[in-house]
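Only the coordinates and a few stated rules stand behind these numbers; no lab work does. This is a predicted model, so every value here is computed, not measured. Note: ideal-geometry Cβ built from the backbone for every residue, glycine included; neighbour counts use all protein chains shown.
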Amino acid sequence: MQKIPAPIAEITLNEATFHNEFFQPTLINYLYGKNGVGKSTIGRVIKSDSGLIWNSNHTMTDFSILVYNEDFIKRNFSSYDNLAGVFTIGEDDISVREEIEAKSAERQLLLNQHKSIKESIQKKTDERNSIEQAFKRAVFESSADFRNYFIDAMQGKRGKPDVFVPELLKQTNAVKHDLNELKMLYDTAFDKSSVAYPELRKVDKSLLSTSPLLEKSIVSSSNSTFAEFVKRYQTSDWVRHGHDHFKNTDGHCPYCQQVLPNNFEEQISSIFDDQYQSDLNAVKSFKQSYKHNLSSLIDTLNTNTSTMYSKLNLTEYLDKLELLKSVANENLKTIEDKLNEPSSIVKLRDTDSIIDEINGLIADFNQQIKTNNDIVAGKNDKKKECIKQLWELIYDTLKPQVDAYHTNVATFDDEIATLNQQLSDIVTQGKDVSAKLAELNKQSINTTDAIDSMNILLSDSGFQGFSIRSKDGENNVYEVIRQDGRVAENLSEGERNFIAFLYFYHLVHGSPTDDGTNRDKIVVIDDPVSSMDSGALFIVSALVRGMVGICRNNASLNKQNNISQENYIKQIFVLTHNTYFHNEVTSNMDRYWDSVSFFLISKLDNHSHVKLCYREENDLQGNPKHYNVDPVQNGYHALWTELKDLSRLQNVSPVSVTHVIHQILDHYFIQMCCYDGNSIRDRILVDNKQKFQKLDDEGNEIIDERYYLIQSMLSYLATTKNTISDAHFIDEAMDPQTCLRVFKEIFEIMEQNQHYTMMMGGTL
């Protein structure tokens, strides 16, 4: 079973000795802890609305938070004749009361409508937020490629959806920029090492133009008999080749070895006339020129490949360059073939188209280099341009999602705006009703009844030495009057605290403000029984249980929908270190798991902690169930019960008695009150040693045996697991009743006799 939600859903403590300590209260909350562990801090935190998480549809302004603590006492009893008036206590004029009830019902109806509309607004807001979160996740994921590449251009806008999306929603201009160009712009503008580069050189394709002689058959034009013979058989190339390669043949033909005629050289010369030689020389010159131009052209193109601009993709360029080299070298071979056979007709392979393609690539490269150089020259402006274009491209890419989001949230915004207007109208009506209620409540105030009620409670509590009356000529001011009629000047601390609590009690039941507004209450009661006698403590305990009962009605209403029960205390916190008071106000309350929680406040190493006290057990079906655990009861109470049983036995072993005593002392003083064994020993045996001194028969000052018995008992609390065992301290012949008496004396010296009396039930 879950606990019933209360107005204050969670409290986080970061003041005094609390460090990020939090707990979740329910309707009724009992917090137990010794003095100095931080109880008062909790009350002040609740009063200041610091670190509080309110349940849905609630804020601090919905409630009157009333805190009874030392601050409250000082504030209201700075002088004994200043006590703020208590309103709406006692009988009212019937007709006014009926009108108040009618207006209260109207106000409640408006509050219900206010709550319903706020819930609708919250629901719509949650749905809108859900759409917004889904949109943020979607566009953030969709923009991953942009965010991962353009890191520097999106500085501070890319790491999380909450910084990326607001920038996206600022965009109004969607432009489909070329992504590759944008990347190039980014790479250069945001590269700290980027520099300007020289452009690449193009080449002149005319340097490798062909010669018309290559397609002309170069032959002799001579009319000699031998020349005609060579022409007829088209052997001029064969003859020239043989003549050039076999000049030293001793007058014999290099092919058939016949003796050559004496005029053979003349006949050879007649074959190759001047025109022939001129054409042949022209081809040779063309070859040299072609070879030289090719070398120069290739050198230029090779030099281009050594550019330092690493972002150029030279793969195609290098392929074209290799192709050009291959074709040009093939053309050189063709020219060589022409020289070897001048009469042959040859044709060079085309290099113009290859060079055109290479020059085209160079033009593209130079454009990239120019772009780079322009960016480098105006880097700051280019960065801004890059960022602008980047967000325009991102917006263009994500625009369908952005448009859908705007459409969806616009619908919700319109609906929420309508609901807010309705809420504003209800608030205006509520103010009018509250103003009317304030006027009516002023008419119903009956201060005399409030004073009479407090005086009756004072009388019932046993405080007969004074009463309270209103101060003449002062509104909302009380005076504490002694029996002799004089204004009180000296009240005991217990009397002062008791009157303060009675006043606080009526504040809880009434209205502390002049406007008469009766808001629901959240009540905090911090150690209300300090310095009070048992009679006052009993009265205060009864009043606190009454307030707890009113708060408990909220749990009953939650189940029964019974509107007749008082339930204006919506949440209550009771903090104390007094175990008697704690037991009085918590009796049988641990059974209400749904609406009651017990907390133990402790402090270790100057750090305070708040712990919910509960246990978990499985029911018959094996399902886990939770139960409240009172931190002041359980095994500790069993030890006291066992001690009382032992005290009634005859011939009981002192070992048994001291064993239980040691456990009680350890649990109460060490675990619950957070003393250590040495500090208790010093306080009793050192600071109060005189209480154990007495005179012997001869008048000499000696130490009573009680001192040594207490010393032995306290030694258990100061020892460790490696020190003395029980056998060293317990004498089997020791009187058990003596052990019990010194045990009681320990509580008296430690000023804990109230606790001892409560736990022993007045025995011993």
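The table below gives the values:
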item	result
Rel. contact order, % - alpha carbon contacts under 8 angstrom, at least six apart, the stretch 636-760	35
Charge dipole magnitude, Cβ of K and R +1, D and E -1 - the stretch 588-650, Cα centre, debye nearest 20	180
Computed over the stretch 284-347, Cα set: Rg, Dmax in Å	15.3, 51
For GLU10, residues with placed amide H under 5 Å, excluding near neighbours	ILE53
Convex hull (Cα only) mean projected area of the stretch 636-760, reported in nm² to one decimal	8.4
Proxy reagent accessibility, fewest Cβ within 10 Å first, across LEU207, LEU312	LEU207, LEU312
Cα-projected label distance for LYS176 with ASN420, points at 7 Å along beta-carbon direction, nm	3.9
Least to most buried among CYS739, CYS673 (fewest other Cβ within 10 Å first)	CYS673, CYS739
Computed log₁₀ I(q)/I(0) - Debye formula, equal Cα scatterers, no solvent, the stretch 139-179, q 0.24, 0.31 Å⁻¹	-0.91, -1.25
Ellipsoid equivalent to the stretch 305-445 - semi-axes via the Cα gyration tensor, in Å	86, 17, 9
Qualifying trypsin sites (Lys or Arg not before Pro) in the stretch 158-191, DSSP loop, other Cβ atoms within 10 Å at most 15	LYS176
Cα centroid separation, the stretch 605-645 to the stretch 22-73 (Å)	24
Under-29-angstrom lysine pairs by C-alpha in the stretch 292-434, whenever the two are 8 or more apart or on separate chains	28
Cα gyration tensor, the stretch 569-667 - rounded (a/c under 1.5), prolate or oblate	prolate
